[in-house]
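One structure is given here, and the rest of the page talks about it.
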Amino acid sequence: MVLLLVGAVLGLGLAPAGGESIRSPFGVSATRQLPSAQLRHTRRAMIEDRPVTINRLRALADAGDGLAAFNFAKILEAEDRTDLRADIAHYYAIAVHTGRVFAVNRLIETTDRGLAEGAFEGAATRLRQIGQALEFAAVHGNANAASRVAEAWRTGDLFGTQDAEKATEFGQLAIANGNLNLASQMIVERAKAKDSDGLQQVLELVGQNANIGMLALGQNVVRLETDRN
């Protein structure tokens, strides 16, 4: 039976350095919540960096343990196989949805790579679950998650439908949480569309971030568009 020493053999650890977790109403937050003695034993072993079989780690992840899901996703990711991409994203999504928001960037990167490779064909439910996990992280202050959710509502790639209002809402949330690259993009888009109200909203969000350079960019874009007209 193959053993995985979590946190040692593959350098998984309990979380990345500086990793952030938040309280979540989803999944497992305490060992006592698990329904079987075997799952409880597995979780204690994982937390204490004792040997855990890969199958038991996966069972723990499937039971809703976010840390197990994150660790299992990393094991799958090390295989670098296209046919595993959707599974990897699925387990990173469990991690994020259960409060392990340090997995957001891995979830986004894996999902985007899988979409480019066609790994999610016929997996609409799984894509929606990924979108829901990112929405959870977004509303709890993660700017990268909010940016990706905004893109998802704009393109329909995760939720299977487009919603311009939600795309704007999450785009503004991303800016409010510090994504100023998206702010510059939205400033230009709204100026070109002559959306003065939308442009003002973006500039106000940028102002809340006290970014003088971005405010100056916005003002310059407004002047350029005004001069063209």
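The values are calculated or read from the model by the stated rules, or taken from the named source; none is laboratory data. Every value quoted in this text rests on a predicted model; they were computed, and no experiment measured them. Note that we place each Cβ from the backbone using ideal geometry, even for glycine, and neighbour counts take in every protein chain shown. Heads up: the accessible areas ignore ligands, DNA and RNA and are worked out on the full protein's heavy atoms, side chains in. Shrake-Rupley method; radii C 1.70, N 1.55, O 1.52, S 1.80 Å.
Matching residues to (1) more than 19 Å from Ala150 (Cβ to Cβ); (2) among the aromatic types (Phe, Trp, Tyr):
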site	(1), (2)
Gly66	yes, no
Phe72	yes, yes
Ala86	yes, no
Ala89	no, no
His97	no, no
Leu115	no, no
Glu121	yes, no
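Pairs only if they're at least six apart or on different chains, beta carbon under 7 angstrom, first in region 130-147 and within 20 Å of Ile88 (Cβ to Cβ) and among the small types (Gly, Ala, Ser), second open to solvent by 30 Å² or more (accessible area, probe 1.4 Å) and not in a loop (DSSP other than H, G, I, E, B); list them, first residue then second.
Ala133/His97
Does Glu165 satisfy the condition of being farther than 21 Å from Ala69 by Cβ and part of a helix (DSSP H, G or I)?
Values: farther than 21 Å from Ala69 by Cβ: yes; part of a helix (DSSP H, G or I): yes.
In short, yes.
Tell me which of these Thr125 doesn't satisfy, since it passes every other one: (1) within 22 Å of Ile22 (Cβ to Cβ); (2) open to solvent by 60 Å² or more (accessible area, probe 1.4 Å).
For Thr125, the failing item is (1).
How many residues are in a loop (DSSP other than H, G, I, E, B) and under 10 Å from the mean Cα position of the chain (by Cα) when one looks only at region 101-157?
Within region 101-157, the subset in a loop (DSSP other than H, G, I, E, B) is 118-123, 140-142, 156-157.
After this cut, where a residue has to be under 10 Å from the mean Cα position of the chain (by Cα) as well, the list is 142.
Residues that pass the stated criteria total 1.
Taking the stated definitions as given, is Ala78 over 17 Å from Ala146 (Cα atoms) and surrounded by 20 or more Cβ atoms within 10 Å (Cβ to Cβ)? Let's see the steps before the verdict.
Details: over 17 Å from Ala146 (Cα atoms): yes; surrounded by 20 or more Cβ atoms within 10 Å (Cβ to Cβ): no.
For Ala78, the condition - over 17 Å from Ala146 (Cα atoms) and surrounded by 20 or more Cβ atoms within 10 Å (Cβ to Cβ) - is not met.
Out of the residues in region 166-180 that are within 18 Å of Trp153 (Cα to Cα) and not hydrophobic (A, V, I, L, M, F, W, C), which is least open to solvent (accessible area, probe 1.4 Å)?
Looking at residues that are within 18 Å of Trp153 (Cα to Cα) and not hydrophobic (A, V, I, L, M, F, W, C), I get Gly171.
Between a residue in region 56-78 that is more than 12 Å from Arg106 (Cα to Cα) and free of Cβ contacts under 8 Å to residues at least 60 places away in the same chain and any residue that is outside any loop (DSSP other than H, G, I, E, B) and of a type in the set (S, T, N, Q), which pairs come within a Cβ distance under 6 Å, given they are 6 or more apart or on different chains?
Arg56/Thr42; Leu60/Thr42
Please work out if Ile47 is among the aliphatic types (A, V, I, L, M), at pLDDT 85 or above and open to solvent by 50 Å² or more (accessible area, probe 1.4 Å).
On the way: among the aliphatic types (A, V, I, L, M): yes; at pLDDT 85 or above: yes; open to solvent by 50 Å² or more (accessible area, probe 1.4 Å): yes.
Yes.
Restricting attention to region 169-184, report how many residues are among the polar types (S, T, N, Q) and touching a Gly at 6+ places or on another chain (Cβ under 7 Å). Quick ask: steps written out before the conclusion?
First, the residues of region 169-184 that are among the polar types (S, T, N, Q): 172, 177, 179, 181, 184.
In the following step, the residues that additionally are touching a Gly at 6+ places or on another chain (Cβ under 7 Å) were identified as 177.
Count: 1.
Any residue at all in region 208-220 that is at pLDDT 70 or above and buried (at least 23 other Cβ atoms within 10 Å of the Cβ)?
We begin by selecting, within region 208-220, every residue at pLDDT 70 or above; these are none.
Within region 208-220, none of the residues are at pLDDT 70 or above and buried (at least 23 other Cβ atoms within 10 Å of the Cβ).
Tell me which of these Gly141 doesn't satisfy, since it passes every other one: (1) surrounded by fewer than 16 Cβ atoms within 10 Å (Cβ to Cβ); (2) touching a His at 6+ places or on another chain (Cβ under 8 Å).
(2)
Looking at region 144-161, which of its residues are within 18 Å of Phe102 (Cβ to Cβ) and either surrounded by fewer than 16 Cβ atoms within 10 Å (Cβ to Cβ) or polar (S, T, N, Q) (or both)?
Going residue by residue through region 144-161, those that are within 18 Å of Phe102 (Cβ to Cβ) are 144-149.
Result: Asn144, Ser147.
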